[in-house]
1. Does segment 180-210 hold any residues that are in contact with a Ser or Thr (Cβ under 7 Å, 6 or more places away or on another chain) and in a strand (DSSP E or B), and which are they?
2. Scan segment 75-92 and give yes if some residue there is surrounded by 15 or more Cβ atoms within 10 Å (Cβ to Cβ), in contact with a Gly (Cβ under 7 Å, 6 or more places away or on another chain) and among the aliphatic types (A, V, I, L, M), otherwise no.
3. Restricting segment 90-124 to residues that are in contact (Cβ under 8 Å) with a residue 12 or more places away in the chain and among the hydrophobic types (A, V, I, L, M, F, W, C), which is farthest from Ser198 (Cα to Cα)?
4. Looking for whichever is modelled with pLDDT of 95 or more, over 28 Å from Lys91 (Cβ atoms) and open to solvent by less than 80 Å² (accessible area, probe 1.4 Å) here; the options are Phe178, Phe184. Which one fits?
5. Of all the residues that make up segment 174-222, how many are touching a residue at least 12 places away in the same chain (Cβ under 8 Å), of a type in the set (Gly, Ala, Ser) and more than 13 Å from Glu113 (Cα to Cα)?
6. Would it be correct to say that Glu38 is acidic (Asp, Glu), assigned to a loop (DSSP other than H, G, I, E, B) and either farther than 24 Å from Asp193 by Cα or in contact with a Gly (Cβ under 7 Å, 6 or more places away or on another chain) (or both)?
7. Please determine whether any residue of segment 52-66 is in contact with a helix residue (DSSP H, G or I) (Cβ under 7 Å, 6 or more places away or on another chain), farther than 30 Å from Lys211 by Cβ, open to solvent by 50 Å² or more (accessible area, probe 1.4 Å) and not hydroxyl-bearing (Ser, Thr, Tyr).
8. Among the residues of segment 41-75, which ones are over 27 Å from the mean Cα position of the chain (by Cα), part of a helix (DSSP H, G or I) and free of Cβ contacts under 8 Å to residues at least 12 places away in the same chain?
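The values are calculated or read from the model by the stated rules, or taken from the named source; none is laboratory data. Note that the structure is predicted; figures quoted are calculated from it, not measured. Here Cβ is always computed from backbone atoms with ideal geometry, including for glycine, and neighbour counts include all displayed protein chains. Heads up: the accessible areas ignore ligands, DNA and RNA and are worked out on the full protein's heavy atoms, side chains in. Shrake-Rupley method; radii C 1.70, N 1.55, O 1.52, S 1.80 Å.
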Amino acid sequence: MKKILILCGLVFLTACSNPTGKKYNEATMPQDLKEIAESKKWNEQDAGLFAGWVIRAKLKGESLESKTYQSILDDAKKFKAEEDALAEKAKKEMEARKQKMKEALTVTIFAKEYVPSNFDAGRLEDYNLFKYAIQNKSAKEIKAAKISFKIFNSLGEQIGDSYSMDFTDDRIAGNSTFKGDAAFDYNQFSNDDKKIASAKFEDLLFDFDVKKIVYSDGSVLE
């Protein structure tokens with residue numbers, strides 16, 4: 001019996017010596033977290049996950065009073081792992097979709113120019129003009145494509161976002177290329193528009209996203 005009592009006492013002392021096993025208490029949390037930090041039971045990432053989970057609980061009106069500090073951290077870690085897994089899955093699906101689209105269609109911009117307004121020529125607004133080409137890699141005729149692109153400078157910094165360049169008013173025969181112009185309004189108050197207008201074409205990088213392809217036979221790729 002004495003051995004059993006001694007063992008129970010050791011378990012109790014171990015629990016007491018581990019501050020992460022304490023019940024969460026908002027009033028004593030600063031001191032409790034100080035003890036946890038001094039015990040080195042948690043690292044910096046653990047502390048950040050815990051803080052984020054506490055803020056999340058407050059925003060959702062959830063009580064943490066019945067949980068220990070460690071169980072709160074465990075919940076935060078589990079949620080973070082689920083988030084990371086979902087993000088990785090979504091990333092892989094997006095990459096697979098983009099690869100599938102690249103195999104069906106290639107888009108490129110091969111020139112750009114800034115076109116100022118000219119009332120005599122009927123141009124009422126300034127605009128940035130991009131000359132593009134779309135290569136249909138399939139044997140089927142394309143009648144529509146939903147395309148967007150982002151623009152980056154030579155340092156890889158994004159200076160243009162969500163440019164829509166949908167193709168809907170023509171046809172691209174199988175295994176052929178279509179060339180066209182895409183004009184976008186120039187906003188004199190937009191730093192990005194100014195950077196794009198003044199940049200040399202060879203210093204710009206374009207990232208295309210083909211979201212949907214509609215073929216003349218009614219089939220769709222997306």
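1. The initial filter retains those residues of segment 180-210 that are in contact with a Ser or Thr (Cβ under 7 Å, 6 or more places away or on another chain), namely 203, 209.
Residue satisfying the conditions is Asp209 alone.
2. The answer is yes; a qualifying residue exists.
3. Among residues in segment 90-124 that are in contact (Cβ under 8 Å) with a residue 12 or more places away in the chain and among the hydrophobic types (A, V, I, L, M, F, W, C), the one farthest from Ser198 (Cα to Cα) is Ala104.
4. Details: Phe184 fails: modelled with pLDDT of 95 or more.
Every option except Phe178 fails the conditions.
5. Count: 5.
6. Values: acidic (Asp, Glu): yes; assigned to a loop (DSSP other than H, G, I, E, B): no; either farther than 24 Å from Asp193 by Cα or in contact with a Gly (Cβ under 7 Å, 6 or more places away or on another chain) (or both): yes.
It is false that Glu38 is acidic (Asp, Glu), assigned to a loop (DSSP other than H, G, I, E, B) and either farther than 24 Å from Asp193 by Cα or in contact with a Gly (Cβ under 7 Å, 6 or more places away or on another chain) (or both).
7. Taking every residue of segment 52-66 in turn, none turns out to be in contact with a helix residue (DSSP H, G or I) (Cβ under 7 Å, 6 or more places away or on another chain), farther than 30 Å from Lys211 by Cβ, open to solvent by 50 Å² or more (accessible area, probe 1.4 Å) and not hydroxyl-bearing (Ser, Thr, Tyr).
8. Ser71
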